[in-house]
Amino acid sequence: MNDTQYAIRGINGPVVTVVGGRALGLMDMVHVGDERLTGEVVGIKDGVTTVQVYEDTEGLKPGQPVTTTGAPMSMLLGPGLLSHIFDGIARPLTEIEQRSGVFIGRGLNLPSLDESALWQVTMAVKVGDTVRPGTMYASCPETTLITHRCLIPAGLEGKITSVAPDGEYNVTQVLAELTDEAGKVHELKLSQYWPIRTPRPMRERMPIDRPLLTGQRVIDTFFPVGKGGAAAIPGPFGAGKTMTQHQLAKWSDADIIVYLGCGERGNEMTEVLEEFTKLLDPKSHQPLMSRTILIANTSNMPVAAREASVYTGMTMAEYYRDMGYHVALMADSTSRWAEALREISGRLEEMPAEEGFPAYLASRLAEFYERAGYIKTLEGKEASVTVVGAVSPQGGDFSEPVTQNTKRYVRTFWGLDRALAYARHFPSINWLTSYSEYVDDLKPWYDSNVSPLFVPYRQRLFTLLQEEAKLMEIVKLIGADILPEDQKLTIEIAKLVRVCFLQQNAYNDVDTYVPMEKQFKMMDVILTLYDGAKELVEKAIPLSQLVATGIFETVNKMKYEVKNDELGKFDDYKAQIRDVLNQVIRTNS
């Protein structure tokens, strides 16, 4: 064999050892066997190269050829990603189905984009223009909601020496030519390749000072995630991780959603596909898929592709971020991804660490979550990638390695509770185990965009919930009747906070999405009742008299009865509370 010829020596599941020439480089993308299966070089030692194959290796034989592309694992980026579904290595599943049926055929090395599709392109440069990284040279409407902006890649600058006229082009046709200072000519197209494991460049990383608005009260008010930040949703099976992420995908104020199903069950991903294709974007009333990318790597797909899928999703998210869009990446779930790391690590015969996970689990998690951020693009626009990663700890044990290492790299932790989920309390985010470190950073935004009272109100309600948790320990031992009236009031108001504010019905048209102003008004009503009831208790009036009026039940109904455009009705609730309080006082005078 010469320096560029290779052959399979051994096969161990998705891990293949290769012998032959010496031109292979670490992380090079290769084609393995007669069927040219996609793989990636993950190790080189003593003349033996280890390749991680992203497809089913059944039928591979020693001696079959291995060819290299001479470049790292990359994907084709350009118009046509939105509203489509891809597998873990960015192959379009719709086209794969047309070619091989319901099961993915082997060796289908399809580009992520439809190279025959035509796009109506408007050129943004002319001959003689000096361009630099981030300069827009062309644009086209990718969907009814998103305009695709083609930008000069990093590391490339010079003068435009040729420009095509406006018109219809596919992703392989040359739109313009750029000549750099050395006189080399570079072709500019609608598409470009990018290695998925390499973060895309930016001008600068900016501080996170605004929230990702989701319309979910327990998140926006109690445990917000900053736009450009990272959040984790850990929880046992059936606790509602996928449901919570679906709500965020539907209602968050991100421009683009990248939903990554990593190792999830096939029927769950089928539900996602069917549901997303029917949904309308609440702001534009256009199909939600017009601003959504779905990546499906179900539990029965090759395990190595699951490991690559998180980088595929992040690369797509960063690509649209660079155009100036705010992107939300939903990864469901990083535990399945970590399990893929563990399986491949075992086949590579690496030394295991805690619970069999590889020693580099923490660094891989860091690489993923640190690609989130609120940034200034090369073009000078503000944009962001917000990452929400689900974690599926076995048995709901939050002390296991994936959950613990994830907590090191995220600043928002939405701990789901199985007991809440079984009690039909959704989102089942436990307010005692969850936290957000963004609240102080976001306070100036709340003060100027909602109310200076928003954060103090939040803190008061949160304190009531914590006090209730302590009191319930006493109630379990001796019952509630022995408690003094002020502590009974704390329990009664905390119950109202839990049922009226924290619990939210995704299937109710009024309650499924709640804007920030309405969330503040609801807190205001609850605290108005609390402050008034506290005055009654201080006057030695039994709390039972106030409860008997039914005012607590009336307030509880406001989340269903006040629509998002009828916020003036909250004043009626406050007036009704005052009338009831005065009536109780008169009765006891």
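General remarks:
- Listed conditions (1) under 20 Å from Arg36 (Cα atoms); (2) open to solvent by 60 Å² or more (accessible area, probe 1.4 Å); (3) free of Cβ contacts under 8 Å to residues at least 24 places away in the same chain; (4) among the hydroxyl-bearing types (Ser, Thr, Tyr) are all met by Thr94, apart from (1).
- Cβ-Cβ under 8 Å pairs, at least 6 apart or on other chains, the range 561-587 side of a type in the set (S, T, N, Q), far side part of a loop (DSSP other than H, G, I, E, B) and surrounded by 12 or more Cβ atoms within 10 Å (Cβ to Cβ): Asn564/Val510; Asn564/Tyr513; Asn564/Val514; Asn564/Pro515; Gln583/Thr549
- Only residues that are under 17 Å from the mean Cα position of the chain (by Cα) and surrounded by 24 or more Cβ atoms within 10 Å (Cβ to Cβ) were counted across the range 295-305, and they come to 2.
- Unique match (being touching a Leu at 6+ places or on another chain (Cβ under 7 Å), more than 30 Å from Leu502 (Cβ to Cβ), among the aromatic types (Phe, Trp, Tyr) and in contact (Cβ under 8 Å) with a residue 60 or more places away in the chain) among Tyr169, Tyr193: Tyr193
- Gly21 meets the stated requirement of being more than 23 Å from Arg336 (Cα to Cα), surrounded by 14 or more Cβ atoms within 10 Å (Cβ to Cβ), over 29 Å from the mean Cα position of the chain (by Cα) and free of Cβ contacts under 8 Å to residues at least 24 places away in the same chain.
- Within the range 522-550, residues that are at pLDDT below 95 sit with their Cβ atoms under 6 Å from residues that are part of a loop (DSSP other than H, G, I, E, B), at 6+ positions apart or across chains, in these pairs: Ile541/Asn588.
- Single residue of the range 84-127 satisfying the filter (at pLDDT below 90 and among the hydroxyl-bearing types (Ser, Thr, Tyr)) that is farthest from Tyr169 (Cα to Cα): Ser100
- Per-region count, the range 162-207, residues assigned to a loop (DSSP other than H, G, I, E, B) and within 15 Å of Pro133 (Cα to Cα): 6
- Here Ile491, Ile541 are screened, and the one residue that is β-branched (Val, Ile, Thr) and outside any helix (DSSP H, G or I) is Ile541.
- With respect to being open to solvent by 10 Å² or more (accessible area, probe 1.4 Å) and farther than 13 Å from Glu264 by Cα, Ser290 fits the description.
- Candidate set: the range 496-507, residues that are modelled with pLDDT under 95 and open to solvent by 40 Å² or more (accessible area, probe 1.4 Å); chosen: the one farthest from Tyr560 (Cα to Cα): Tyr507
- Of the listed requirements (1) touching a Pro at 6+ places or on another chain (Cβ under 9 Å); (2) surrounded by fewer than 21 Cβ atoms within 10 Å (Cβ to Cβ), Val510 misses just one: (1).
- Sole exception among (1) surrounded by fewer than 14 Cβ atoms within 10 Å (Cβ to Cβ); (2) of a type in the set (Gly, Ala, Ser); (3) under 21 Å from Leu378 (Cα atoms) for Ser100, by number: (3)
- Complete set of residues in the range 148-161 that are open to solvent by 20 Å² or more (accessible area, probe 1.4 Å) and part of a strand (DSSP E or B): Arg149, Leu151, Lys159, Thr161
- When the residues of the range 242-260 are filtered to those that are more than 15 Å from Ser83 (Cα to Cα) and not aliphatic (A, V, I, L, M), the one that is surrounded by the fewest Cβ atoms within 10 Å (Cβ to Cβ) is Asp253.
- Test: Pro14 is buried (at least 20 other Cβ atoms within 10 Å of the Cβ), modelled with pLDDT of 95 or more and either in contact with a Pro (Cβ under 9 Å, 6 or more places away or on another chain) or more than 26 Å from Asp332 (Cβ to Cβ) (or both): no
- Qualifying residue in the range 118-134 (condition: in contact (Cβ under 8 Å) with a residue 12 or more places away in the chain, closer than 30 Å to Tyr54 by Cα and open to solvent by less than 20 Å² (accessible area, probe 1.4 Å)): no
- Conditions (1) within 21 Å of the chain's Cα centre (by Cα); (2) open to solvent by less than 40 Å² (accessible area, probe 1.4 Å); (3) not hydroxyl-bearing (Ser, Thr, Tyr); number of the one not met by Val171: (1)
- Filtered residue count, the range 320-339, keeping only those that are out of contact with any Lys or Arg (no Cβ under 7 Å at 6 or more places or on another chain) and either open to solvent by less than 10 Å² (accessible area, probe 1.4 Å) or charged (D, E, K, R) (or both): 10
Here is a yes/no grid of residues against (1) modelled with pLDDT of 90 or more; (2) surrounded by 20 or more Cβ atoms within 10 Å (Cβ to Cβ); (3) closer than 29 Å to Glu318 by Cα:
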{"site": "Glu35", "(1), (2), (3)": "yes, no, no"}
{"site": "Gly39", "(1), (2), (3)": "yes, yes, yes"}
{"site": "Lys45", "(1), (2), (3)": "no, no, no"}
{"site": "Thr49", "(1), (2), (3)": "yes, yes, no"}
{"site": "Gln52", "(1), (2), (3)": "yes, yes, yes"}
{"site": "Gln64", "(1), (2), (3)": "yes, no, no"}
{"site": "Ser74", "(1), (2), (3)": "yes, no, yes"}
{"site": "Gly78", "(1), (2), (3)": "yes, yes, yes"}
{"site": "Leu81", "(1), (2), (3)": "yes, yes, yes"}
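The values are calculated or read from the model by the stated rules, or taken from the named source; none is laboratory data. All values derive from a computational prediction rather than experimental measurement. Quick reminder, even Gly has a Cβ in these numbers, built from the backbone with ideal geometry, and neighbours come from all protein chains shown. Just so you know, the surface numbers come from the protein's heavy atoms only, side chains and all, with ligands and any DNA or RNA stripped out. Shrake-Rupley method; radii C 1.70, N 1.55, O 1.52, S 1.80 Å.
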